[in-house]
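Read the structure below first, then the notes.
The values are calculated or read from the model by the stated rules, or taken from the named source; none is laboratory data. Since the model is a prediction, treat every value here as computed from it, not as a measurement. Reconstructed Cβ throughout: ideal geometry from the backbone, glycine too, with neighbour counts over all protein chains shown. Ligands, DNA and RNA are stripped out before the accessible areas are found, and what is left, the full protein with its side chains, is counted by its heavy atoms. Shrake-Rupley method; radii C 1.70, N 1.55, O 1.52, S 1.80 Å.
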Amino acid sequence: MYYETSKNDHGLPHNPFKAIVAPRPIGWISTIDKEGRPNLAPYSFFNGIGDTPPMVMFASTGFKDSAANIAETDEFVCNMASYDLRDAMNISSAPLEHGVSEFERAGLEMAPSKLVKAPRVAAAYTALECKHLKTVRMQDLEGNDTQSWVTFGQVVAVHIDDSVLVDGLLDLTKVRPLARLGYKDYSVVDELFQMSRPAV
Ligand SMILES: Cc1cc2nc3c(=O)[nH]c(=O)nc-3n(C[C@H](O)[C@H](O)[C@H](O)COP(=O)(O)O)c2cc1C
């Protein structure tokens, strides 16, 4: 089948776009507002965008609390969501009133960060402390403003739980990262294989 997005005439019961751009890592973004109140929410339009220096981005559909807090405070943490935290991650996506803590709602402990004021999810195996680079409101092909706000940050500090470091390598079969697919589907990374890059 084939469809054109301007016509949105896919004729399917659900838009397949997010099932096509899959799997997506889930950046579980913690922030504080300018009053210092913590906020936590998962974002799967999330990824790394370079490693020298390490940088990340996430896209907010609508200018949600996470994007707004980062625009105000210039700091955030990407806690990586793993299979054993899936329920807490899901609970933290509830649209709570501004200033009400998703940490509390999801029964999650906060841990202090070192270089940013936003707290970390204590139970997350890995967390990236980030400083805000810029936020871009995307425009479409006609130059119209969209509801997609992309926040870019530079990673300034990294936390890794010692229990998932094996012989100096991050053992993802222990972390079991959660991936977002389309619809209500998720996947978990618990099987690996290796390939070497071809020689020139
Ligand atoms: C797995 C998962 C991934 C999500 N990814 C996104 C995303 O990429 N962009 C977005 O705007 N909302 C996403 N959401 C919804 C937000 O988490 C939700 O709107 C949340 O209430 C936003 O919180 P905030 O206003 O505190 O930032 C996702 C929800 C879940 C459960």
Expressed in angstrom and rounded, the centroid-to-centroid distance over alpha carbons for region 143-189 and region 4-51 is 12 Å
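Need one word for region 1-62: rounded, prolate or oblate. Basis is the Cα gyration tensor (sqrt eigenvalues a ≥ b ≥ c); a/c below 1.5 gives rounded, then a/b vs b/c decides.
Working: a/c = 3.11, a/b = 1.89, b/c = 1.65.
Prolate shape, in that a/c is at least 1.5 and a/b is the bigger ratio.
Sort 188-200, 26-38, 62-74, 86-98 for me by packing, meaning the mean count of neighbouring Cβ atoms within 10 Å per residue, highest on top.
Details: 188-200: 7.2, 26-38: 20.3, 62-74: 18.3, 86-98: 14.9.
So the peptides 188-200, 26-38, 62-74, 86-98, ranked by packing, come out 26-38, 62-74, 86-98, 188-200.
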In the chain, how many lysine pairs have Cα atoms under 30 Å apart, counting only pairs 8 or more places apart or on different chains?
26
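Select from region 93-198 those trypsin sites (Lys or Arg not before Pro) which occupy a DSSP coil region and have at most 16 other Cβ atoms within 10 Å, ordered by residue number.
Working: sites: 105, 114, 117, 120, 131, 134, 137, 174, 180, 184; in loops: 114, 117, 184.
Here the trypsin sites (Lys or Arg not before Pro) that fit, given the DSSP loop and packing criteria, are 114, 117, 184.
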Cα-based Rg and Dmax for the chain, in Å, come out at 17.8, 55
Within the accessible area of the chain (1.4 Å probe), percent carbon and sulfur
54 percent
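When only C-alpha pairs under 8 Å and at least 6 residues apart count, what is the relative contact order of region 25-188, in percent? Kindly include the intermediate steps, with their values, before the conclusion.
Details: 378 pairs, mean separation 42.2, N = 164.
26 percent.
Calculate, for the chain, the solvent-accessible area per residue in square angstrom, rolling a 1.4 angstrom probe over the heavy atoms of the protein chains.
Values: 12170 Å² over 200 residues.
On a per-residue basis, 61 Å².
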